[in-house]
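The values are calculated or read from the model by the stated rules, or taken from the named source; none is laboratory data. Remember, it's a predicted structure, so these values are computed and weren't measured experimentally. Backbone-built Cβ (ideal geometry, glycine too); neighbour counts: all protein chains shown. Only protein heavy atoms, including side chains, enter the accessible area calculation; ligands, DNA and RNA are left aside. Shrake-Rupley method; radii C 1.70, N 1.55, O 1.52, S 1.80 Å.
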There are 2 protein chains.
Amino acid sequence: MAEDTTSEPMGNVTADDVAAAAGVSRWTVNRAFKKDASISAKSREKVMAAAKALGYVPDLRAASLASDRSNLVALLVDDFANPHKLVMMERLTRILRKHGWDTLLVNTLGRDDANDALLNASQRRVDAVILIGIQFDDEVLRTASHARRFKKLIIFARVSQNPNTISIAVDDVHAMLEIAEYVRTKGYQRPMFLAGPRTVSAHLPRKQTFLAYWKEHFGSEPETCEVEAYDPVLAARVMADTLKGRPRDALPDIIVCENDALAMGTIDVIRHDLGLRVPEDIAVTGFDDVPQIQGPNYNLTTYRQPLTAMAEYLVTVLESQKDEDLSRSFKGHIVPRTSA
Amino acid sequence: MAEDTTSEPMGNVTADDVAAAAGVSRWTVNRAFKKDASISAKSREKVMAAAKALGYVPDLRAASLASDRSNLVALLVDDFANPHKLVMMERLTRILRKHGWDTLLVNTLGRDDANDALLNASQRRVDAVILIGIQFDDEVLRTASHARRFKKLIIFARVSQNPNTISIAVDDVHAMLEIAEYVRTKGYQRPMFLAGPRTVSAHLPRKQTFLAYWKEHFGSEPETCEVEAYDPVLAARVMADTLKGRPRDALPDIIVCENDALAMGTIDVIRHDLGLRVPEDIAVTGFDDVPQIQGPNYNLTTYRQPLTAMAEYLVTVLESQKDEDLSRSFKGHIVPRTSA
DNA sequence: CCGAATCCTGCACGCGCGTGCAAGAATTAT
DNA sequence: ATAATTCTTGCACGCGCGTGCAGGATTCGG
């Protein structure tokens, strides 16, 4: 028989098997896999050798069941049209994994599906739910936190009024003031603000801050426009409808967009539908600094959130035992490019 | 006391609690939550009412532990720079969830991390591992499938020579023949092929098919170029280095890209570094039909994979008990736009 | 070399649910 | 009304590991 020398790991190898092979008890085997457990170097070595030979890895389901700690978080996303989501997912999963956390990705189909998605997460007994979608309005949040099925409910990259909810986000007011000031000092006169869907309390601060700033400095309220999703394609459609056919002097000289997704669609419309130039005819600003707008094509003036710091802080939140309010806001910085 | 009428679900509500409340045994409770279990409508109703009152949901960890079926898959991704990954993740998570499967998203940092990532998945005892990265070369796959820790190892949207591996992908040869024929009939003369990283057997068929087709029809081998990642930014850098400074007649008249990510960077270079027009001076084709290239800006001629059908088939693969080879290839279709 | 402090190791019990079977209840046929 | 079916329900046992403790092995000071 040309069998492998290593006995084949048919079926599940359990800690008991390893214990037998290593000549220790099962508990010693599990200790060998725990970070700072009290175990002698010799025992650990023996165990690890036996484990490798048998192809044993601890079963995290059983560990989680026994300890009531899963080291698993659910990431709820409902907004895949926004390229920024890809950046966030990459950053979050990378940093979470670095610290030993696994991520359950739940595609929340829409607002009506939010509860099902949360249910989904709770069935896996995740240690926390992280929301990076837009459709989670205050009502959904209230329902979710009321059910108390989650130890932690975290809103990432967005603020929320809801109690029982931890918000890790950039300071929208500070950020938008920086952008507004940039726009003003560059001498623009007729700005338009392009907002995303007005889900309750979502990114409302950005719009309000800009409008308030402008009114304070010029006494006039800028024109605004709204798109129902952070989707470049949809944004382009809306902007085409809004701007096409206007006489030159009825057009804004700068369009301040709530984020890059909207800005991309806007730039496309300015160039290809209106036949105008960016920024000479109409300038554009965004928010998020997604990779797509960093090239020579869009070259968008935008605002960068400190995503890595936010993700690292998220980990400390996950590991915190305290019951205090762990919400925190971060400051990013403007990234000037040629679009404005 | 202004307490809720519903007793508060402090701590974990277990099936026993529900059983007590509903006046049945624990097993009847669990049966009520099983799809087609033999249980009377009356009992189920009682159980469900009690469950809702107590806020009970079955614990999938325990269920998985007891049944050795987790209804969980791990999705390993290592290539977040490629916007197509966002599309795939959205489609896969949506369709998997529709059929009752949860998704563990594992960010595979690089080739050396592949084994750790797989380990990660195996600790959660997932029912299958789905690979949509590029760094999983044959060696990694062999190691993974040799360990036999996974019931199923699935390569999505890519072929693989490895046995013990299920590949669900588009037929690269057929696809590239379609593109090549399109290029030829449009009258292009000096094509260049832009390939991605040459991880073993990855998308090699596309390149080889195109080169073979061209040689067969014109007797000449087209120029080729290679980028180390499916990253528009990196592609732009490479193409700028390659094309800048060439006299007009030394430039290709069309650049056939292995996918859209490369094509986007290429178009940016043609326009902004070379100052030329697409498609008049140099045409471009892509692969994948990502949303970003559908607008008026890139308007890329590309190839669309039947992602939904592929994802649905993935589910049937997951649910299949058979041991036969479940690999299957799909045919997509070319999407002609203005870039070529 | 002895006693005390320190370090390791083994163990009973429980985490919440699935499996397969057997007994009980409800239904139908005779 | 009784027997034969079918439907419904309860249960012992196990899935693999964590917790806290107690006894044994080891080390150190004097």
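Given the DSSP H assignment, sum -39500 (n - 2.57) over each helix run of at least 4 residues in the protein assembly as shown and divide by its residue total; what's the result at 222 nm in deg cm²/dmol, nearest 500?
That comes out to -12000 deg cm²/dmol.
Sum up the charges of everything whose Cβ sits under 10 Å from the Cβ of residue B:206, counting Lys and Arg as +1 and Asp and Glu as -1, but leave residue B:206 out.
On the way: positive: B:207; negative: B:172, B:258.
Summing Lys/Arg as +1 and Asp/Glu as -1 gives -1.
What is the ratio of the Cα radius of gyration of region B:55-198 to 2.2 N^0.38 Å, where N is its residue count, to two decimals?
Normalised by 2.2 N^0.38 Å, the Cα Rg of region B:55-198 equals 1.26.
What whole-number distance in Å separates the alpha-carbon centres of region A:158-196 and region B:38-108?
The two parts, judged by their Cα centres, are 36 Å apart.
List the distances, in nm to one decimal, from the label point of residue B:52 to the label points of the same position in every other copy, shortest first, placing each label point 7 Å from Cα along the Cα-to-Cβ direction.
5.6
Write out the GluC sites (Glu not before Pro) in region A:246-340 meeting two conditions: DSSP loop, and at most 10 other Cβ atoms within 10 Å of their Cβ.
The qualifying sites are A:280, A:324.
Report, as an integer, the average count of C-beta atoms from other chains found within 10 Å of each Cβ along A:107-119.
Average per residue, whole number: 2.
Rounded to the nearest 10 Å², what accessible area does residue A:174 show when all protein chains are kept and the probe is 1.4 Å?
70 Å²
Estimate the FRET efficiency between residue A:327 and residue A:45 by the formula 1/(1 + (r/R0)^6), using the beta-carbon distance for r and 60 Å for R0, to the nearest 0.05.
Details: r = 45 Å, r/R0 = 0.75.
My answer for the efficiency is 0.85.
Taking the label point as lying 7 angstrom from Cα along the Cα-to-Cβ axis, what are the distances from residue A:185 to the corresponding position in the remaining copies, in ascending order and in nanometres?
So the label point of residue A:185 gives 5.8 nm to the other copies.
Given the protein chains as shown and a 1.4 Å probe, how many square angstrom of residue B:31 are accessible, to the nearest 10?
100 Å²
What dipole magnitude, in Debye to the nearest 20, does region A:172-304 give about its Cα centre under +1 on Lys/Arg Cβ and -1 on Asp/Glu Cβ?
That gives a dipole near 220 debye.
Return the distance in nm (one decimal) between the two label points of a simple spin-label model at residue B:228 and residue A:67, each offset 7 Å from Cα along Cα→Cβ.
Placing both labels 7 Å along Cα→Cβ, they lie 3.8 nm apart.
For chain B, take the longest principal axis of its alpha carbons; what is the angle in degrees between that and the long axis of helix B:172-185, to the nearest 10 within 0 to 90?
For helix B:172-185, the angle is close to 30 degrees.
With the contact rule set at Cα under 8 Å and sequence spacing of 6 or more, what percent relative contact order holds for region A:172-304?
23 percent
Find which of B:259, A:167, A:336 sits farthest along the positive direction of the dipole of the protein assembly as shown, computed with +1 on the beta-carbon of Lys and Arg, -1 on that of Asp and Glu, about the Cα centre.
A:167
Nearest 10 degrees, 0 to 90: what angle lies between the long axis of helix A:204-218 and the longest principal axis of chain A (Cα atoms)?
30 degrees
Can you tell me how much longer the chain between residue A:212 and residue A:37 gets when fully stretched, taken as 0.36 nm per residue apart minus their C-alpha distance, in nm with one decimal?
Full-extension gain reported as 57.3 nm.
Mind giving me the nanometre distance, one decimal, between the label points for residue A:164 and residue B:53, set 7 Å out from Cα along Cα→Cβ?
2.1 nm
Taking each pair of different alpha-carbon atoms in chain B once, compute 1/r for the pair, average those values, and report the inverse of that mean as the Kirkwood hydrodynamic radius in Å to one decimal.
For chain B, the Kirkwood estimate is 22.8 Å.
Sequence gap at least 6, Cα distance under 8 Å: using those rules, report the relative contact order of chain B to the nearest whole percent.
14 percent
How far, in degrees from 0 to 90, does helix B:84-98 lean away from the longest principal axis of the Cα atoms of chain B, to the nearest 10?
Approximately 30 degrees, to the nearest 10.
How are the alpha carbon pair distances in the protein assembly as shown distributed across 20 Å bins from zero to the largest one, expressed in percent?
It works out to 16, 45, 32, 7, 0, in whole percents.
Taking the Cα centre as origin and putting +1 on Lys and Arg beta-carbons and -1 on Asp and Glu beta-carbons, what dipole magnitude results for region B:27-127, to the nearest 20 debye?
Numbers: 17 positive and 12 negative charges, 166 e Å.
Roughly 800 debye for region B:27-127.
Note the full-extension length gain between residue A:250 and residue A:338 as 0.36 nm times their separation in residues minus their Cα-Cα distance, in nm to one decimal.
Stretched out fully, the residue A:250 to residue A:338 stretch lengthens by 29.4 nm.
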